[in-house]
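Undergrad: This structure is in structure tokens; I'll ask about it shortly.
The values are calculated or read from the model by the stated rules, or taken from the named source; none is laboratory data. This structure is a prediction, so every number in the text was calculated from the model and none was measured. Heads up, the Cβs are rebuilt from the backbone with ideal geometry, glycines too, and the neighbour counts pull from every protein chain shown. Just so you know, the surface numbers come from the protein's heavy atoms only, side chains and all, with ligands and any DNA or RNA stripped out. Shrake-Rupley method; radii C 1.70, N 1.55, O 1.52, S 1.80 Å.
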Amino acid sequence: MHKKSILMICLTVFVLAAFMSGCALMGPTKSNFKAPKISLSHVEIPYYTGYYYLSAKVKPTKGKAGNYGAPMMMAFIFDIENPNSYPVELDGFKFSVMFEEFEVNTVGSTETMWIPAEKTNQLRVPAIFDTRQTLLTLLLPGAMKMKERGQSPWAILEAWWTGAPDFAFPVGVSEGAAVFKAGDLVEVTAFEATFP
Amino acid sequence: MRMRNTLSKVFIFIFAVALITGFSMTAGAATVKVGALNDMTGATSDVGKDYALGIAEAIHYVNDNGGVNGKKIKLYQFDYGYRVPEALTKYKLFKRLKCVAVLGWGTGDTEALSPTVTKEKMPYVSASYSAHLTNPAKTPYNLFAATDYSSNARAAITAWFDKKWPKHKDYGKRKPRFVCSYMFASPYSSAPIKAVKDQAKLLGFEVGPDQDVSLFAIDTKSQILGMKRFKPDLVWHGNTTMSVASTLRDAYSLGLGADHIINNWGIDENLPRLAGKAANGAMGASVCAFYGEDVPLMKTVMEYGKKYNPGVPIEKRTVRTIQAWSNTLALWEALKRADKNGGLGGENILKTGFETLAGFELGLGGAPLTYTATDHRIAGKIPIYEVVDGKIKLLTVVDLKGRWPAKWNKEWLGW
């Protein structure tokens, strides 16, 4: 009985020490927390209906008339590499999408993701475009650049929508920022990329 | 024997506590959920993206500074592209996610959602500063940390009348002439029309025909020619920066010869960049400090911008960031107060949160916040700025409440 109790105490102390030292030694510190690396693996077009635009003057077969644009979905797949010896939490991920030199969308992921120690996760971020929404971005934030190019927004839209399946123009990721957490520590990784 | 048993039990207890504590540290603390609707791709994206960045940065600041009495805020932020139906859909999502409040955006969707948020007692802090949202008898759950569009328009036309008209060659000989330039179909642009024309009549202006200028306008020559027929001395602009810049450029190149006053979403750091010389002399209200101005919290705002959006150049940041911080910090203060006094139910956030703020300073250059159970206009003093040599400088502060107390208290609330 005596031996059994001593064994139990030793085991308890060992497990407790291992658990606590594990927390203290293996955990994140300001000096060992490295910002994970982000790279754009590729871009896919999971949904595509070709090029068109319906103004509010067009009477629809059903439903209400309005300014409706051809939808197109792009999915941006990123590799997120955690160089740390402990898991890190992705707590915010966003970036702007560029078609050529025009910023046409800002998208992100609000879901929380844990990246295991020294592993690479993949994150898929969908971005939905339509010719109406992209027309507005050309007419507002992109208005000056468009004027400089001397092109009409319709010509630019048609080139993008018909060229997208072949990625006939560069699709860029800019102003990217990902927030990573480990314990109370926070690191923000900036990223940008172009595809193809 | 009993001693050894006791010792064993103590160790087992400590072990269990250590395990539970260890796991609970990794499990995460309680959170308070807040929804945010932003326009980063739609009709107001020229001003909406910077605002959206500011919301996210301000929430990081809130969480770094204790959150809501120890509970971190989880932000659900979405771009709705200024599409009202999508805003309604996202609002339903916020409800399902059990968000305690919403940081909203445009006038169209905010006013469309107003009956719903009133019925569901959802505090809704919008970037729409429409005066239609300031009367708690009608829209009790709509709030914003800014002076409203109608007050801003009344103040801007008053400032021009006080400061500029007396220097005009025709001063004392005739009435000053006034027209409005805005997108008729836009709820945001048209929200303060009735108020600004009422103020024009109060001050003795002759009011000419409105000009319909799209929020997406890059060519407004036909509207400028329309204005020229009336020979206005002053034009009020109700659109956002890009459209206002186009109108100012065309007015300059076609020699309209009028001065310009602008609603707050049309005057920012980008206006002189886009309109150049044509922006000089343009006036308008601002609801807070411009980016980089010397106010107590500006250094912090800029640090958070640099930290959380390192890829966005500082020269792209504008007053919209500060507006976003203002709304977020107002909500934060209300949530903290409500949490300590009965919890985060919508009615409690309104009554023991917002409506207990009296002269509350945010440190962002805006008017101190006061919300009462009968009036959600935060203040009656409105600062009016002017573009001087490409820089935006404070011109004067118009005290609407002090100058027209009876009208302020009895007539002007809610429109």
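Undergrad: Output the number of residues of segment B:226-250 satisfying the condition of being of a type outside the set (D, E, K, R), more than 11 Å from chain A (Cβ to nearest Cβ) and either without any contact (Cβ under 8 Å) to a residue 40 or more places away in the chain or open to solvent by 10 Å² or more (accessible area, probe 1.4 Å) (or both).
TA: Step one: of segment B:226-250, the residues of a type outside the set (D, E, K, R) are B:226-227, B:230, B:232, B:234-248.
In the following step, the residues that additionally are more than 11 Å from chain A (Cβ to nearest Cβ) were identified as B:226-227, B:230, B:232, B:234-238, B:244, B:247-248.
When the remaining residues are screened for being either without any contact (Cβ under 8 Å) to a residue 40 or more places away in the chain or open to solvent by 10 Å² or more (accessible area, probe 1.4 Å) (or both), the result is B:226, B:230, B:244, B:248.
Residues in segment B:226-250 being of a type outside the set (D, E, K, R), more than 11 Å from chain A (Cβ to nearest Cβ) and either without any contact (Cβ under 8 Å) to a residue 40 or more places away in the chain or open to solvent by 10 Å² or more (accessible area, probe 1.4 Å) (or both): 4 in total.
Undergrad: Residue by residue through segment B:215-225, note down the ones that are part of a helix (DSSP H, G or I) and either open to solvent by 10 Å² or more (accessible area, probe 1.4 Å) or modelled with pLDDT under 95 (or both). Walk me through it before giving the result.
TA: Within segment B:215-225, the subset part of a helix (DSSP H, G or I) is B:221-225.
Those that are part of a helix (DSSP H, G or I) and either open to solvent by 10 Å² or more (accessible area, probe 1.4 Å) or modelled with pLDDT under 95 (or both): B:LYS221, B:SER222, B:GLN223, B:LEU225.
Undergrad: If B:ILE349 satisfies all but one of (1) without any contact (Cβ under 8 Å) to a residue 24 or more places away in the chain; (2) in a helix (DSSP H, G or I); (3) touching a Pro at 6+ places or on another chain (Cβ under 8 Å), what's the number of the condition it fails?
TA: Of the numbered conditions (1) without any contact (Cβ under 8 Å) to a residue 24 or more places away in the chain; (2) in a helix (DSSP H, G or I); (3) touching a Pro at 6+ places or on another chain (Cβ under 8 Å), the odd one out for B:ILE349 is (1).
Undergrad: When you go through B:SER243, B:SER253 one by one, which is the residue that is at pLDDT 95 or above and closer than 30 Å to B:LEU225 by Cβ?
TA: Result: B:SER253 is the single residue among B:SER243, B:SER253 that is at pLDDT 95 or above and closer than 30 Å to B:LEU225 by Cβ.
Undergrad: Residue under question is B:SER126, and the condition is that it be open to solvent by less than 10 Å² (accessible area, probe 1.4 Å), within 21 Å of the chain's Cα centre (by Cα) and of a type in the set (Ser, Thr, Tyr); does it hold?
TA: On the way: open to solvent by less than 10 Å² (accessible area, probe 1.4 Å): yes; within 21 Å of the chain's Cα centre (by Cα): yes; of a type in the set (Ser, Thr, Tyr): yes.
Yes; evaluated as a whole, the condition is true for this residue.
Undergrad: Can you spot a residue in segment B:229-241 that is in a helix (DSSP H, G or I) and among the aromatic types (Phe, Trp, Tyr)?
TA: Going residue by residue through segment B:229-241, those that are in a helix (DSSP H, G or I) are B:241.
Of the ones still in play, those that are also among the aromatic types (Phe, Trp, Tyr) are none.
Within segment B:229-241, none of the residues are in a helix (DSSP H, G or I) and among the aromatic types (Phe, Trp, Tyr).
Undergrad: While we're on this one: If you go through segment B:68-94 one residue at a time, how many are open to solvent by less than 20 Å² (accessible area, probe 1.4 Å) and within 13 Å of chain A (Cβ to nearest Cβ)?
TA: Qualifying residue count, segment B:68-94: 4.
Undergrad: Only helices (runs of 4 or more DSSP H) wholly contained in segment B:149-214 count here; list those with 1 or more residues that are open to solvent by less than 10 Å² (accessible area, probe 1.4 Å) and within 20 Å of B:ARG403 (Cα to Cα).
TA: Result: B:149-163, B:193-203.
Undergrad: Let me ask another. Could you list all residues from segment A:54-107 that are more than 13 Å from every other protein chain (Cβ to nearest Cβ), under 24 Å from A:SER152 (Cβ atoms) and of a type outside the set (A, V, I, L, M, F, W, C)?
TA: Across segment A:54-107, the qualifying residues are A:SER55, A:LYS57, A:GLU100, A:GLU101.
Undergrad: If you take the residues in segment B:23-54 that are loosely packed, with under 15 Cβ neighbours inside 10 Å and of a type in the set (Val, Ile, Thr), which one is modelled with the lowest pLDDT?
TA: Applying the filter and picking the extreme gives B:THR26.
Undergrad: Mind checking which pairs have a first residue in segment B:287-314 that is facing chain A (nearest Cβ under 10 Å) and assigned to a loop (DSSP other than H, G, I, E, B) and a second that is small (Gly, Ala, Ser) and open to solvent by 10 Å² or more (accessible area, probe 1.4 Å), Cβ under 7 Å, 6 or more apart or different chains?
TA: Final answer for the pair search is B:PRO310/A:ALA190; B:GLY311/A:SER174; B:GLY311/A:ALA190.
Undergrad: Let me ask something additional. Identify, please: which residue in segment A:139-155 is among the hydrophobic types (A, V, I, L, M, F, W, C) and more than 9 Å from every other protein chain (Cβ to nearest Cβ) and is, among those, farthest from B:ASP39 (Cα to Cα)?
TA: Initial filter on segment A:139-155 (among the hydrophobic types (A, V, I, L, M, F, W, C)): A:139-140, A:143-144, A:146, A:154-155.
Of the ones still in play, those that are also more than 9 Å from every other protein chain (Cβ to nearest Cβ) are A:154-155.
Numbers: A:TRP154: 22, A:ALA155: 25 Å.
Looking at the filtered set, the residue picked out is A:ALA155.
Undergrad: Next question, about the same structure. Run down B:LEU335, B:LEU394, B:LEU362 and say which single residue is outside the structural domain of B:ILE261 (by TED's automatic domain parsing) and outside any loop (DSSP other than H, G, I, E, B).
TA: The unique qualifying residue is B:LEU335.
Undergrad: Could I ask something else about it? Out of (1) within 11 Å of another protein chain (Cβ to nearest Cβ); (2) in contact (Cβ under 8 Å) with a residue 40 or more places away in the chain, the odd one out for A:GLU158 is which?
TA: Here A:GLU158 meets the rest and fails (1).
Undergrad: Okay, moving on. Does B:GLY276 fit the bill of being at positive phi and not in a loop (DSSP other than H, G, I, E, B)?
TA: Values: at positive phi: yes; not in a loop (DSSP other than H, G, I, E, B): yes.
Here the answer is yes, as B:GLY276 does meet what is asked.
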